[in-house]
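Only one structure is covered here, and it is reproduced in the block below.
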Amino acid sequence: MARMIQLTYEPAFDPLHSIFRALRLRQSLATDIPIPRVLFRILDFYLLFPMSISTVRLLPKHRKLKKLAASTKGVTSYGPLPDNTMLFERMQPYQDAAMDTLVLRGFFSNEGLEAGWVIPTKIEPSASLNNRLVTINAAENNLMTALNILATDYPIDGSNGLKHRTGLLEYRYDAV
């Protein structure tokens with residue numbers, strides 16, 4: 001059997017890139033509110049692929065977010081990508097590895113993560129990393145605003161939750 005060599009780079013499958021995105025979300029979202037892990041994964045997906053926000057079924061008052069998020073330059077893909085649902089599913093091991101690393105470094109609560117919640121701790125990144133996070137989030141302010149609205153204005157579960165509106169996860173068996 002021939003060995004397979006990956007010739008292209010895909011940030012979705014890079015644990016270090018996943019760590020950086022998780023820190024960007026941590027810096028952007030309200031740090032005193034626990035976030036369901038599923039929601040954090042969904043926000044991470046749209047942080048990496050902002051052009052995919054155009055496929056989300058948004059409330060009429062939020063439809064302008066599709067254009068705002070689409071104006072954000074997404075990560076360049078060097079090859080064909082699968083559909084959003086499959087891509088989201090394939091990203092999970094890398095997202096999990098990133099979160100486990102950040103828990104070990106003290107950026108998120110271990111107890112919270114085990115219970116299915118992303119809970120930031122008081123530990124802050126180094127000054128240089130924090131400056132980089134602030135700079136990048138400010139440069140993509142439209143996208144960060146859209147992600148904050150998705151995080152705060154939409155439930156996760158049920159027929160009108162983010163799982164259903166995004167099509168990324170099964171929602172029909174949610175206990176609502």
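At-a-glance table
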read-out	value
Counted residues, region 77-119 - those being in contact with a strand residue (DSSP E or B) (Cβ under 9 Å, 6 or more places away or on another chain) and surrounded by 15 or more Cβ atoms within 10 Å (Cβ to Cβ)	9
Test: residue in region 87-102 that is of a type in the set (Ser, Thr, Tyr) and within 15 Å of the chain's Cα centre (by Cα)	yes
Filter result for the condition that a residue is in contact (Cβ under 8 Å) with a residue 24 or more places away in the chain and of a type in the set (Ser, Thr, Tyr), over Thr121, Thr145, Thr135	Thr145
First in region 14-39 and assigned to a loop (DSSP other than H, G, I, E, B), second anywhere and of a type outside the set (A, V, I, L, M, F, W, C), Cβ under 7 Å, 6 or more apart	Asp14/Tyr94; Leu29/Asn148; Thr31/Pro120; Pro34/Gly112
Pairs, first surrounded by fewer than 14 Cβ atoms within 10 Å (Cβ to Cβ) in region 45-67, second among the hydrophobic types (A, V, I, L, M, F, W, C), C-beta under 7 Å, six or more apart	Ser54/Ala70
Subset of region 117-154 [hydroxyl-bearing (Ser, Thr, Tyr), more than 18 Å from Phe45 (Cβ to Cβ) and not in a loop (DSSP other than H, G, I, E, B)]	Ser128, Thr135
Region 94-116, residues that are closer than 17 Å to Phe20 by Cβ and assigned to a helix (DSSP H, G or I)	Tyr94, Gln95, Asp96, Ala97, Ala98, Met99, Asp100, Thr101, Leu102, Val103, Leu104
Of all residues making up region 132-144, the number that are modelled with pLDDT under 95, surrounded by 14 or more Cβ atoms within 10 Å (Cβ to Cβ) and either out of contact with any helix residue (DSSP H, G or I) (no Cβ under 7 Å at 6 or more places or on another chain) or of a type in the set (A, V, I, L, M) (or both)	3
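The values are calculated or read from the model by the stated rules, or taken from the named source; none is laboratory data. It should be emphasised that the depicted structure is a prediction, and the values quoted were computed from it without experimental measurement. Cβ coordinates were reconstructed from backbone atoms using ideal geometry, including for glycine residues, and neighbour counts include every protein chain displayed.
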